[in-house]
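Have a look at the structure below before the remarks.
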Amino acid sequence: MFHNLDFFTIFVRLIVLLTALPFHEYAHAWAARRMGDYTAEFNGRLTLNPLAHLEPVGSVLILLTGFGWARPVPIDPGNFKNPKKGMALSALAGPLANVLMAWVLLVAYKLLVLVMAASGFRLNLGMLPMVLSIMISTNIGLAVFNLLPVPPLDGSRIFSIFLPEKYYFKIMQYEQFIVLIVFALLFVGALEVPLNFLAGLLLQVVDFCTGFVDILFRLVF
């Protein structure tokens, strides 16, 4: 996570922090609102304004490791027809938003390569392809990390649909301690291998879903 870290990578991750993270949190609020809970909207979280969503520790982690979190979006499960399902779906919306953004960025990346190849690579786009590449990997990393089934991450809300409520709320009592453990594991690199492995698998899926650009490339060349 920390090797080969440079100011350029941190700068691009800052762009992701100000774009992908608000989109992630907005997706939570939007999904909850669609299912009948207006709590996030009333608390000013149905917005793409980064200042409404950023959380200091999670933001620093994103800049340094590519993994992190934002302030949890307030959701009242009592406003859902099916509270467990509503919580799980609203939680899932965030990581899916990052996957969607990674897909859009990968399509743009491949189209840029196509244009560059069509020009005989005489077209110089500077650092743009590298910027897109880092943004893609960071969005994928955010999606994977937030799907971990540990509080306060989205995966814990998704996983709660399979747990009896008494066990779920018992786990939630230790949320602050679990956050510190996850924080420590990230900084010592203990999560690097599994997270990068899962991110690689998800990237392959996103790459497959942009296969139409590859077909276009073969048709042109």
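The values are calculated or read from the model by the stated rules, or taken from the named source; none is laboratory data. Here the structure is a predicted model, which is why all the values come from computation and not from measurement. Here Cβ is always computed from backbone atoms with ideal geometry, including for glycine, and neighbour counts include all displayed protein chains. Areas reflect the complete protein model, heavy atoms only, side chains present, ligands, DNA and RNA absent. Shrake-Rupley method; radii C 1.70, N 1.55, O 1.52, S 1.80 Å.
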- Item | Which of MET130, MET116 is most accessible, then next, and so on - probe 1.4 Å | MET130, MET116
- Gain on full stretching of the segment that runs from PHE217 to VAL205 - 0.36 nm per residue minus C-alpha separation: 2.4 nm
- Message: Under the 0.36 nm per residue contour assumption, what length would be gained going from the current alpha-carbon distance of PHE187 and ALA117 to full extension?
- Response: 21.2 nm
- Residue by residue through the range 54-62, the couplings from Karplus 6.51 cos²θ - 1.76 cosθ + 1.60 with θ = phi - 60°, in Hz, x for Gly and Pro, are 5, 10, x, 5, x, 5, 5, 4, 4
- Query: Counting only heavy atoms of protein chains, what accessible area per residue, in Å², does the range 1-98 have with a probe of 1.4 Å?
  - Reply: 48
- Note on the structure: Plugging the Cβ-Cβ distance of LYS81 and LEU48 into 1/(1 + (r/R0)^6) at R0 = 22 Å yields, to the nearest 0.05, a FRET efficiency of 0.20
- Taking a temperature of 25 °C and a viscosity of 0.890 mPa s, what whole-number D in µm²/s does Stokes-Einstein yield for the range 37-76 with Rh from Kirkwood over alpha carbon pairs? 226
- Got a number for carbon plus sulfur as a percent of the chain's accessible area, 1.4 Å probe? 71
- Query: Given the chain, what count of lysine pairs have C-alpha atoms under 24 Å apart, with each pair 8 or more places apart or on different chains?
  - Reply: 6
